[in-house]
Every structure is written in C-alpha cells, then in structure tokens.
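**Student:** Below is the structure I would like to discuss, written out as structure tokens.
The values are calculated or read from the model by the stated rules, or taken from the named source; none is laboratory data. Everything numeric in this text was worked out from a predicted model, so none of it was measured. Here the Cβ positions follow ideal geometry from the backbone for every residue, glycine too, while neighbour counts run over all protein chains shown.
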Amino acid sequence: MKITIGSRGSDLALWQAHYVEEQLVGLGHEVEIKIIQTQGDKIQHLSFDKMEGKGFFTKEIEAALLSKEIDLAVHSHKDLETTPPEGLRIAAVSYRENPTDTLLIREEAFDEIMLLELKENPIVGTSSARRQTQLKSLRSDIELKDLRGNVPTRIQKLRDGQYDAIVVATAGIKRLELDLSDLKVLELSPTLFIPAPAQGVLGLQIREDDHELNEALQAIHNEDVAEVIEIERAVLKQMDGGCQLPLGVYCIKELEEWIVYTSFAQDKSSEAEVNSYQSTQKEGLVDTIVDDLKDGIS
C-alpha cells in the first residue's frame with residue numbers, strides 16, 4: 001500500500017520519519033514523506049510556558065491526518081497529548097532509544113569535583129519545566145536560562161558561549177550521531193534524573209478508521225515498550241499534565257516486578273522531589289503513584 005508520512009522538518013524529526021519509512025519499505029509498502037510546519041517550529045522567541053495551549057509540535061500534523069493530507073504521523077511520543085484528538089489513535093510504538101537526559105558542558109565550565117561536574121554558579125540552558133525543577137533540586141546555584149531550537153541549534157548556542165551547559169535528550173544525540181568531541185558529555189541516570197514519560201520512543205499515529213494501515217503497522221509495533229510507557233503516560237494523564245508539567249516518570253519491568261521512578265514539583269520555580277515505587281501488580285499501580293504525588297501538592 002502507499003503511505004504518506006507527515007513530519008516536522010527538523011533533522012531529528014526527519015530521522016524519525018525516515019526510520020519508519022525504511023521499516024515500511026522493507027515490508028513492501030510505497031512511502032513518501034511530507035514536511036509540515038508546526039506552531040512550535042514557527043514560534044522560537046517564546047519559552048514553552050508562554051505559548052498558548054498544548055500540542056505545540058503536533059497539532060498541525062494531526063490536522064493533516066484528519067483531513068487525509070497524510071496517512072501516518074511519526075511523533076516523539078513524549079510530545080503527544082495524553083488524550084488524542086477525536087478520530088486519531090496511536091497504532092504502534094517504536095523501540096526505545098536510550099531514555100536518559102544528557103548534560104553537555106563547555107570545557108571552560110567543567111569541574112569534575114562538583115556535582116554534575118559543573119563549575120560554581122553555572123548558566124544552564126533548558127526550556128523544560130521537568131528538567132529545570134530537577135536541576136534546582138541538585139544544585140541551588142544554577143542559573144536557568146530558556147533554550148529553544150532543534151538539537152543542533154541548541155548545541156551551537158552552547159558552543160557560542162550563551163550557556164555553560166545545556167540539557168538535551170540522549171536519544172536525539174544518538175539518532176543524529178552528533179560530534180560532541182569538543183564538549184564534556186555527562187549522561188544522567190534515569191533513576192536519579194527522571195526522564196519525560198515515553199522519552200526515546202516514537203509514536204505512530206493514524207486515523208481510527210484506517211484499519212488497513214493499522215494492521216500493517218503491527219509488524220513494527222514494540223509491545224514491550226508499549227507496556228512500560230502506558231504506565232508512564234497514564235501517570236501524566238491522571239496528573240492532568242502536558243509537556244510543561246514538571247513531571248518525570250520512568251518505568252522498567254524486571255522479571256515480574258514493575259519499578260517506577262518519578263520526579264515532581266508543584267511548579268517550575270520549585271525543586272523536584274524524586275520517588276520510586278515497586279509492585280508485582282500492574283493494576284492499581286498508577287493510582288497509587290498519582291495519589292502519592294497529589295498528596296505532596298496538598
């Protein structure tokens with residue numbers, strides 16, 4: 001069958017679209033990619049919390065799906081709202097790339113004896129409320145500064161001296177195979193610095209009534225990944241959060257036990273609190289976590 005994929009135009013978004021394209025072509029499908037600009041791409045001068053609504057990087061692509069301009073949208077799963085637009089569904093998810101965050105540090109700001117290997121009073125770039133609150137909980141002397149742009153643009157801003165360090169998703173660095181030899185690279189443990197729900201995973205979105213494409217996508221669907229990010233995303237949904245809620249959730253399954261790590265702050269100016277949960281029962285686990293997080297608010 002012929003499939004038109006909708007994608008943002010950034011290097012990383014196109015890598016993701018081409019990755020899915022290769023898999024589908026390998027299964028005998030004809031595939032083309034159509035680039036769609038989103039609100040998040042157009043508005044680069046505002047931090048995310050100043051922008052109206054949710055779905056900054058998805059709305060226009062989802063509209064193209066609904067109008068049948070495209071058949072399939074490939075998203076960074078963490079960018080998707082927890083309640084899909086009416087008429088759309090996630091038909092499949094990818095493998096999970098390394099879900100961690102990475103701190104990139106300029107040589108001049110590196111201090112290996114300090115926590116996070118950063119000199120005193122560093123300027124650190126990130127527009128993520130989740131990352132900001134976790135950085136505050138680790139180092140009170142950090143000066144936080146908003147950081148926008150695609151991954152190569154963010155790294156260039158660091159090299160230009162606008163920041164002493166920046167935080168980016170490790171998945172983007174790995175997928176783009178970026179040369180970081182001039183920078184200090186510190187990968188942050190996902191059990192200590194908690195990633196965004198579904199970080200490192202691609203979400204493949206289609207129209208609900210496109211049964212033929214849904215069936216075709218099952219050949220590349222990763223059920224094990226779907227199982228753990230379902231828990232992560234369910235916590236996010238019950239906390240009524242979008243990508244600017246200061247919430248990290250990371251779930252792993254070891255043998256028959258679920259282990260979930262969370263970080264949460266009441267707002268982006270607060271320090272995050274990190275907790276962990278273990279259960280052999282999936283049922284009720286999300287409710288337990290959410291009740292605990294909400295107790296912390298009250």
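**Student:** Just the residues that are farther than 19 Å from VAL31 by Cα, among the charged types (D, E, K, R) and touching a strand residue (DSSP E or B) at 6+ places or on another chain (Cβ under 8 Å), please, taken from the stretch 66-104.
**Tutor:** Scanning the stretch 66-104 gives LYS78, ARG89, ARG96, GLU97, ASP101.
**Student:** Do you know which residues across the stretch 170-223 are of a type in the set (Lys, Arg) and closer than 28 Å to GLN238 by Cβ?
**Tutor:** If the condition is that a residue be of a type in the set (Lys, Arg) and closer than 28 Å to GLN238 by Cβ, then ARG207 is the only one that fits.
**Student:** Does LYS294 fit the bill of being closer than 23 Å to THR133 by Cβ and outside the structural domain of ASP79 (by TED's automatic domain parsing)?
**Tutor:** Considered against the rule, which asks whether it is closer than 23 Å to THR133 by Cβ and outside the structural domain of ASP79 (by TED's automatic domain parsing), LYS294 comes out as yes.
**Student:** Any residue at all in the stretch 279-295 that is assigned to a strand (DSSP E or B) and touching a Lys or Arg at 6+ places or on another chain (Cβ under 8 Å)?
**Tutor:** No.
**Student:** Here's a follow-up. Return the only residue of ILE155, ILE252, ILE231 being out of contact with any helix residue (DSSP H, G or I) (no Cβ under 8 Å at 6 or more places or on another chain) and either part of a helix (DSSP H, G or I) or not assigned by TED's automatic domain parsing to the domain that holds GLU81 (or both).
**Tutor:** Checking each option against the conditions leaves just ILE155.
**Student:** Being out of contact with any Asp or Glu (no Cβ under 8 Å at 6 or more places or on another chain) and in contact (Cβ under 8 Å) with a residue 24 or more places away in the chain is the filter here; which residues of the stretch 159-186 pass it?
**Tutor:** Across the stretch 159-186, the qualifying residues are GLY161, GLN162, TYR163, ALA165, ILE166, GLY172, ILE173, LEU178, LEU180, VAL185.
**Student:** So which helices (runs of 4 or more DSSP H) are wholly in the stretch 1-93 and hold at least 3 residues that are more than 16 Å from the chain's Cα centre (by Cα), modelled with pLDDT of 95 or more and surrounded by 17 or more Cβ atoms within 10 Å (Cβ to Cβ)?
**Tutor:** Answer list for the stretch 1-93: 11-26.
**Student:** Would you pick out the residues in the stretch 113-144 that are among the charged types (D, E, K, R) and closer than 15 Å to GLU187 by Cβ?
**Tutor:** Of everything in the stretch 113-144, those that are among the charged types (D, E, K, R) and closer than 15 Å to GLU187 by Cβ turn out to be GLU117, ARG131.
**Student:** Moving on to the next point. Taking the stretch 252-263, which residues are over 16 Å from ASP101 (Cβ atoms), surrounded by 18 or more Cβ atoms within 10 Å (Cβ to Cβ) and either under 20 Å from the mean Cα position of the chain (by Cα) or among the charged types (D, E, K, R) (or both)?
**Tutor:** Once the filter is applied, which keeps residues that are over 16 Å from ASP101 (Cβ atoms), surrounded by 18 or more Cβ atoms within 10 Å (Cβ to Cβ) and either under 20 Å from the mean Cα position of the chain (by Cα) or among the charged types (D, E, K, R) (or both), the stretch 252-263 yields only VAL260.
**Student:** Starting from residues that are of a type in the set (A, V, I, L, M) and part of a loop (DSSP other than H, G, I, E, B), keep the ones in the stretch 255-272 and report whichever is farthest from LEU135 (Cα to Cα).
**Tutor:** If we take residues in the stretch 255-272 being of a type in the set (A, V, I, L, M) and part of a loop (DSSP other than H, G, I, E, B), then LEU255 is farthest from LEU135 (Cα to Cα).
Yes or no, residue by residue, for (1) over 23 Å from LYS174 (Cα atoms); (2) of a type in the set (A, V, I, L, M); (3) free of Cβ contacts under 8 Å to residues at least 40 places away in the same chain:
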position	(1), (2), (3)
LEU72	yes, yes, no
THR102	no, no, no
ILE105	no, yes, no
GLU108	yes, no, no
ASP111	yes, no, yes
SER128	no, no, no
ARG139	yes, no, yes
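**Student:** Among residues belonging to the stretch 176-190 that are out of contact with any strand residue (DSSP E or B) (no Cβ under 8 Å at 6 or more places or on another chain) and either among the hydrophobic types (A, V, I, L, M, F, W, C) or part of a helix (DSSP H, G or I) (or both), point out the one that is farthest from LEU12 (Cα to Cα).
**Tutor:** LEU178
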